[in-house]
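Here the structure comes first, spelled out in structure tokens, and everything after it is commentary.
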């Protein structure tokens, strides 16, 4: 489900991740909502998976909708590397 | 060799006719319509250890020749592993409550099956559950992986027909009620969602 180079936007609320999914899908952005891997400790256990080429677009949309995730991580070399953290989250 | 004509028969009549005929003789030729009837009969016979050869006949139907396989081990259906577990999915949503949440829970459940060490032998999709195996489903990627891992993915042909999605099946095979019933009755455990 998660391959090299995939990005995951991890959310802290089921309502926020579902709302974000609807908005991104309505814009025809190729995303997939998936259970967050157990390695990534999350509150709601859900993440939105997408590819690097649409990272900027996704962040732009989520920011304008006030639906920024808790953090964004990239899967590389068998590990998750955090590439962005929401500074408003502790 | 006896020949039976199962063209223009509604599912699951072709499989039942073939089952009865094979109880009386070890080899058989069957005329069938293409699609689910052909797939179901071929799978049924192969699962019982028969050899099946398929050829298209002049009338654009299909002729299946079913013969006993002397080299075959015990038929697969009577040789199932003791841990055979069947997952029966009868809806495209999991549980009662808001549709959106039910849909999310079902997708998540199917994706999570990939992470478990104890996968079911088969997953049967009935009623609106067939929306998960057909075009547009967000569970397709996970179901394809499960299929590649040896989990049998079967969708109810009657349901595909009812929802007019017969030509939109994207993972696994079509099945009929006889196979569904047999799968459920033979399973060591059935988990219904």
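Every read-out reported here was derived from the displayed coordinates using simple, explicitly stated rules and does not represent laboratory data. Note that the structure is a prediction, hence the values are computed from the model and not measured. No Cβ is skipped: glycine too gets one built from the backbone with ideal geometry, and neighbour counts run over all protein chains shown.
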Which ordering of B:115, B:39, B:164 is given by a fewest-first count of other beta-carbon atoms within 10 Å? B:164, B:115, B:39
Starting from the Cα of residue B:20, step 7 Å along the direction of its Cβ; do the same at residue A:14; then give the gap between the two resulting points in nm. 5.0 nm
Computed over chain B: longest principal axis from alpha-carbon atoms vs helix B:99-113 long axis, angle to nearest 10 degrees, is 70 degrees
So, in nm, how far is label residue B:3 from label residue B:127 when the simple model puts each one 7 Å beyond its Cα toward the Cβ? 4.3 nm
Can you pull the one-decimal nm distance between simple spin-label points at residue A:83 and residue B:96, each 7 Å off the Cα toward Cβ? 4.4 nm
Please order B:192, B:180 by the number of other Cβ within 10 Å, starting at the fewest. B:192, B:180
Need one value for B:105-118: mean number of C-beta atoms belonging to other chains within 10 Å of its residues' C-beta atoms. 2
Going highest first, how would you order A:27-35, A:51-59, B:139-147 by mean Cβ packing within 10 Å? B:139-147, A:27-35, A:51-59
Quick shape check on region B:93-193: root eigenvalues a ≥ b ≥ c of the Cα gyration tensor, a/c under 1.5 is rounded, otherwise prolate if a/b tops b/c, else oblate, and it reads rounded
What angle, in degrees between 0 and 90 and rounded to the nearest 10, separates the Cα long axis of helix B:13-24 from the longest principal axis of the Cα atoms of chain B? 50 degrees
What is the distance in Å between the Cα centroid of region B:18-38 and that of region A:25-70? 51 Å
Averaged over residues of A:7-16, the number of beta carbons from other chains lying within 10 Å of each residue's Cβ is 1
Mean other chain Cβ within 10 Å across B:130-138 is 1
List, largest first, the extents of the alpha carbons of chain A along their principal axes, each in whole Å. 31, 28, 21
Given only helices, namely DSSP H runs of n ≥ 4 each adding -39500 (n - 2.57), what is the per-residue ellipticity at 222 nm of chain B, to the nearest 500 deg cm²/dmol? -10000 deg cm²/dmol
Under 11 Å from a point 7 Å along the Cα-to-Cβ line of residue B:112: which residues of region A:3-31 have their amide N that close? none
When only C-alpha pairs under 8 Å and at least 6 residues apart count, what is the relative contact order of region A:1-88, in percent? 39 percent
